[in-house]
Amino acid sequence: MSLTISPVMATFCARVSGVNINQPLDEATFTAIRAAFDEHQVLIFSDQAMTDEQQIAFSEWFGHLEGTRGVNPASGTPFARQSNLDIKSGDVIPADDRRMFYQKANMLWHADSTFKPTPSLCSILTARVVPPEGGATELASTRAAYASLSEKQKQEIEDLVIEHDFAHSRGVVGFTFTKEELAGMKPARHRLVRTNPANGLKSVMIGLHAKCVVGWPEDESRALLDDLLARATRPENSYRHEWQQDDVLIWDNQAAVHRATEFDAARHHRLMQRTTISSGIKSNL
Ligand code: OGA
Ligand code: MN
């Protein structure tokens, strides 16, 4: 069987089949996967039951992996976990546990790690335990958001710089950090407009962590960020993924936003395990 790329929507999301990404890949196969990623922003693979080692090995084709922050249920591993299961015991994490509250922000549109000085290229999310209902993930194209702007609007935003702040984004859902946690958390600044070096296509890096446009009054800043997000999440630019066990999704963190949706955490188990790949390009702003 040969590698096949089937677009889900005209310019957003594609299914990849005919490849086992748990086997050592060859250069040509990865080049085809990487080209599809640059073109479609989101790739969907099915039936890829992965071990942790296989997830790391596949992820490393894209670049260096990021570490995980302290409150994530997978803290201390190379993974981020969206889960109601304790990583050590496998038990359900109580609803009032800080780790569950921490994950609430995932239900708001965001891109991963935009608050870091070196933004992420992409995330790879593997479906380890899928609840029988609920828990879909929605994704939306910020490349389409950019494309929907007028030439004048594109010029107006071309040089804007955005401040991304993790304390701000967790604050939106009422999550608070200790003094020690806050000390290690400086906001990062990134250019709003991103250009994919492979094809020159532009997008905007936005989402929950994006706090403000540097140098703009707060209301104008918020209005612009909200408008860009509304453009990205129009139905024609977004996709809802209903997970099957062993699905793998890759999304571009500079050309797409995503969010988790509700599931009944008191009745069902859900374990999605993410690797986050660094872009390797530190912001100098
Ligand atoms: C993530 C994320 C969404 C989900 O892993 O970064 O936002 O549906 N996941 O679990
Ligand atoms: Mn995320």
### Residue-wise HN-Hα coupling along the range 125-133, computed from phi with Karplus coefficients 6.51, -1.76, 1.60 (Hz; x: Gly, Pro)
10, 10, 8, 8, 9, 10, x, x, 8
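Per residue, how much accessible surface does the range 4-278 expose to a 1.4 Å probe? Answer in Å², no decimals.
Working: 12170 Å² over 275 residues.
Normalised by residue count, the accessible surface of the range 4-278 is 44 Å².
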### Query
Which whole-Hz ³J(HN,Hα) couplings does the range 243-252 yield from phi under the Karplus relation 6.51 cos²θ - 1.76 cosθ + 1.60, θ = phi - 60°, glycine and proline marked x?
6, 10, 3, 6, 6, 10, 10, 10, 10, 7
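Can you classify the range 4-278 as rounded, prolate or oblate using the Cα gyration tensor, where a ≥ b ≥ c are the square roots of its eigenvalues, rounded means a/c under 1.5, and otherwise it's prolate if a/b beats b/c and oblate if not? Walk me through the numbers on the way to the answer.
Values: a/c = 1.61, a/b = 1.11, b/c = 1.46.
Note, shape of the range 4-278 comes out oblate.
Packing-wise, with mean Cβ within 10 Å as the measure, how do 270-282, 169-181, 250-262 rank, highest first?
Numbers: 270-282: 18.9, 169-181: 13.5, 250-262: 23.2.
The most tightly packed comes first, giving 250-262, 270-282, 169-181.
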### Query
If you take the charge dipole of the range 4-278 about its Cα centre, with +1 on Lys and Arg Cβ and -1 on Asp and Glu Cβ, which of P187, G90, F37 is farthest toward its positive end?
P187
### Task
Quick one: pull the percent of accessible area on the chain belonging to carbon and sulfur, 1.4 Å probe, ligands and nucleic acids left out.
52 percent
### Message
Under 8 Å for C-alpha pairs, at least 6 residues apart: give me the relative contact order for the chain, rounded to a whole percent.
### Response
33 percent
### Task
Would you mind checking the radius of gyration and Dmax of the range 1-41 based on alpha-carbon positions, in Å?
10.3, 31
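If you put +1 on each Lys and Arg Cβ and -1 on each Asp and Glu Cβ, how big is the dipole of the range 79-208 around its Cα centre, in Debye rounded to 20? Working shown, then result.
Numbers: 17 positive and 15 negative charges, 63 e Å.
Using only the charged Cβ atoms, the result is roughly 300 debye.
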### Task
Between the alpha-carbon centers of the range 121-138 and the range 165-184, tell me the distance in whole angstrom.
25 Å
### Query
Of A136, L121, Y239, whose Cα points farthest to the positive end of the dipole of the chain (charges on the beta-carbon: +1 Lys, Arg; -1 Asp, Glu; origin at the Cα centre)?
L121
### Summary
Karplus ³J(HN,Hα) for the range 158-172 (6.51 cos²θ - 1.76 cosθ + 1.60, θ = phi - 60°; Hz, whole; x = Gly/Pro) runs 3, 9, 5, 10, 10, 8, 10, 9, 5, 5, 4, 5, 6, x, 4
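By its C-alpha gyration tensor, with a ≥ b ≥ c as the square roots of the eigenvalues, how is the range 131-261 shaped: rounded for a/c under 1.5, else prolate for a/b larger than b/c, else oblate? Working shown, then result.
Numbers: a/c = 1.83, a/b = 1.07, b/c = 1.72.
Oblate, because a/c is 1.5 or more while a/b does not exceed b/c.
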### Query
What is the ratio of the Cα radius of gyration of the range 161-210 to 2.2 N^0.38 Å, where N is its residue count, to two decimals?
1.44
### All aspartates and glutamates inside 18 Å of K186 as judged from Cα atoms, apart from same-chain residues fewer than 8 positions distant
E66, D112, E163, D165
### Task
Starting from the amide H of H64, placed 1.01 Å from N in the peptide plane, find each other amide H under 5 Å away whose residue is 5 or more places distant or on another chain.
S278
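The values are calculated or read from the model by the stated rules, or taken from the named source; none is laboratory data. All values derive from a computational prediction rather than experimental measurement. Ideal geometry is used to build each Cβ from the backbone, glycine not excepted, and the neighbour counts take in all protein chains shown. Accessible surface is based on the protein model in full, side chains and every heavy atom, while ligands, DNA and RNA are left aside. Shrake-Rupley method; radii C 1.70, N 1.55, O 1.52, S 1.80 Å.
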